[in-house]
Amino acid sequence: MSDKTAPQSRREIIVAHASDVHVDMTFNAQLFDGDSAGPLRAVLEAAQKSRADVVLLAGDTFDHHRLPDEVLVHTAATMRAFEIPIVILPGNHDPAVEEAVFHHPAFAKLDHLTILGITNPEAVHFSHLGLEVWGRAHRDYGDMDPLAQVRERSTPWQIAMAHGHYEPLPDRSTRLRPSWLIGDDELAATRADYVALGHWNRRVEVGSGRVRAWYSGSPDYARSINIVTLGRDGGVDVHRAPLDLPEGFGEGMLEGQEH
């Protein structure tokens with residue numbers, strides 16, 4: 001663990017990390033024969049197969065906030081079909097604004113769903129796991145610093161979530177381009193055991209190495225999720241779990257790093 005003074009967790013913990021699922025009515029839905037929540041179901045199935053204790057969705061779970069009731073009800077039903085606790089961090093596509101889809105009554109009925117910035121201000125504790133997950137939601141469509149403030153550890157294990165663009169030494173001298181920058185010093189300052197990042201399509205580890213920080217990549221591009229194992233000895237292992245996707249899903253996409 002990053003904080004060696006914290007007591008050891010009682011058992012091994014498995015966390016599934018995904019991002020940029022982009023539930024929609026167009027691109028992803030068409031590739032799943034009209035199932036708008038198809039990519040989300042693939043993520044949750046992979047998490048279930050990996051025996052995950054918690055699923056983290058690090059931003060842009062929804063492509064936008066203009067989705068009809070039937071899509072939101074269907075998405076909530078998809079989540080309900082899996083009993084794994086789910087933690088959502090609102091991103092730049094689905095910020096925690098007044099008209100956010102997260103306020104739909106269908107999501108309020110899900111006891112195993114936490115939406116940071118909506119149901120919880122910025123953190124959720126899983127006391128049976130000795131785990132805290134925290135993150136600062138996008139609250140509008142403007143620029144913000146996802147890791148501007150460090151949250152003090154209060155549990156044996158701690159995971160931070162952030163949705164933004166990584167640059168080792170970010171230039172914050174201009175605000176002409178909203179970019180939600182995340183730098184090496186900010187990642188290290190979390191002192192978290194793992195930082196679950198979203199916003200990039202590709203799966204990649206970033207940072208100086210002082211804290212394990214990964215982009216999971218989007219389902220349509222990375223075709224996988226990250227499985228993070230928090231070990232009894234304090235070690236953190238990250239490996240890739242492939243998704244069961246329709247043939248041709250994501251093929252033909254332009255290569256890129258960001259949504």
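The values are calculated or read from the model by the stated rules, or taken from the named source; none is laboratory data. In this text, all values refer to a predicted model and were calculated from it rather than measured experimentally. As a convention, Cβ positions derive from the backbone with ideal geometry for all residues, glycine included, and neighbour counts pool all protein chains shown.
Key figures for this structure:
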quantity	calculated
Residue that is surrounded by the most Cβ atoms within 10 Å (Cβ to Cβ), among those in the range 1-25 that are modelled with pLDDT of 75 or more, in a loop (DSSP other than H, G, I, E, B) and out of contact with any Asp or Glu (no Cβ under 8 Å at 6 or more places or on another chain)	M25
Matching residues, the range 220-235, being crowded, with 19+ Cβ neighbours inside 10 Å and either modelled with pLDDT of 95 or more or small (G, A, S) (or both)	A222, S224, I225, N226, I227, V228, L230
Hey, T174 buried (at least 19 other Cβ atoms within 10 Å of the Cβ) and among the β-branched types (V, I, T) or not	no
Hits in the range 34-55 - residues which are part of a loop (DSSP other than H, G, I, E, B) and farther than 17 Å from R80 by Cβ	G34, S50, R51, D53
Matching option when the condition is more than 14 Å from G91 (Cα to Cα) and among the aromatic types (F, W, Y), among Y141, Y166	Y166
Flag for L110 being surrounded by fewer than 20 Cβ atoms within 10 Å (Cβ to Cβ) and touching a residue at least 40 places away in the same chain (Cβ under 8 Å)	no
Unique match (being buried (at least 16 other Cβ atoms within 10 Å of the Cβ), closer than 16 Å to H163 by Cα, among the aromatic types (F, W, Y) and touching a residue at least 12 places away in the same chain (Cβ under 8 Å)) among F82, F62, F102, F32	F62
Some residue of the range 132-141 being crowded, with 20+ Cβ neighbours inside 10 Å, within 14 Å of I86 (Cα to Cα) and in contact with a Ser or Thr (Cβ under 7 Å, 6 or more places away or on another chain)	yes
Count of residues meeting criterion [hydroxyl-bearing (S, T, Y) and at pLDDT below 95] in the range 155-184	3
Count - residues of the range 199-212 that are in a strand (DSSP E or B) and over 12 Å from the mean Cα position of the chain (by Cα)	3
Residue, farthest from R202 (Cα to Cα), within the range 236-259, restricted to residues that are modelled with pLDDT of 95 or more, part of a strand (DSSP E or B) and not basic (K, R)	V236
Filter result for E99 (over 19 Å from T114 (Cβ atoms), charged (D, E, K, R) and either part of a loop (DSSP other than H, G, I, E, B) or over 18 Å from the mean Cα position of the chain (by Cα) (or both))	yes
